[in-house]
Every structure is written in C-alpha cells, then in structure tokens.
1. For a quick check: sort Met27, Met42, Met66 by the number of other beta carbons within 10 angstrom, fewest at the front.
2. Compute for segment 39-80: radius of gyration divided by Kirkwood radius, i.e. Rg/Rh, restricted to C-alpha atoms, rounded to two decimals.
3. Can you work out the FRET efficiency for the pair Asp72 and Glu45, with r the C-beta to C-beta distance and R0 = 22 Å, to the nearest 0.05?
4. Which lysines does Lys64 reach when only Cα atoms under 28 Å apart count, and residues fewer than 8 places away in its own chain are ignored?
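Readers should treat all values here as calculations from the given coordinates under stated rules, not as data from a laboratory. Bear in mind the structure is a predicted one, so any value in this text is a computation, not a measurement. Please note: Cβ atoms are built from the backbone with ideal geometry, for glycine as well, and neighbour counts cover all protein chains shown.
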Amino acid sequence: MKVYAAALLATLAAGAAFAGDLTPQSMLGHTEDEVKATLVSMGYEVRKIEDEDGKIEAYIVKDKQMGEVYVDPASGVVSKLSMK
C-alpha cells in the first residue's frame, strides 16, 4: 500500500510541478518516504530528510539553489519553505 500511495503522490506532484513547482501550499505526503518521492518527482535532490519537532524536514537542491522544506505529517502540506 505504501508503494501505491507514493506512486499516487508522485503522479499528483508531477502535475503540481507543472502548475508552478514547490509552494507553501504544496501537498507532499504524510511520511518521509512520500515527501522524498514527491520532491524527487518535482526535480529536487533530497540531501537529507528527518523528523524535526514533529515536522518532516527535508534539505533540498534544485538548479543549484538550496533550501529547506518542513511538512506537517498530519496534513501532508508544506508548513515552511526556505530557499537560498
């Protein structure tokens, strides 16, 4: 079931990526595996992913730009996004 959910989220994320890429309203998933799969499908390299104070924190890189994204695992939505 996890594989199916990750595949479904990756498909949905591909549509989201086409529509405008990563935003604070992006739905990325409820687990570290789902978040990572969604970010990778959007073209991001996930350097590190971990649980941080009840949120899923991922360090990402795309087009030589680094960033951090925090996801609320209950909703699966980005709660904080910081690109450098």
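1. Numbers: Met27 16, Met42 19, Met66 13.
So the residues, fewest neighbours to most, are Met66, Met27, Met42.
2. Values: Rg = 10.2 Å, Rh = 10.5 Å.
Checking Rg against Rh, the ratio lands at 0.97.
3. On the way: r = 23 Å, r/R0 = 1.03.
After rounding to 0.05, the efficiency reads 0.45.
4. Lys36, Lys48, Lys55, Lys80, Lys84
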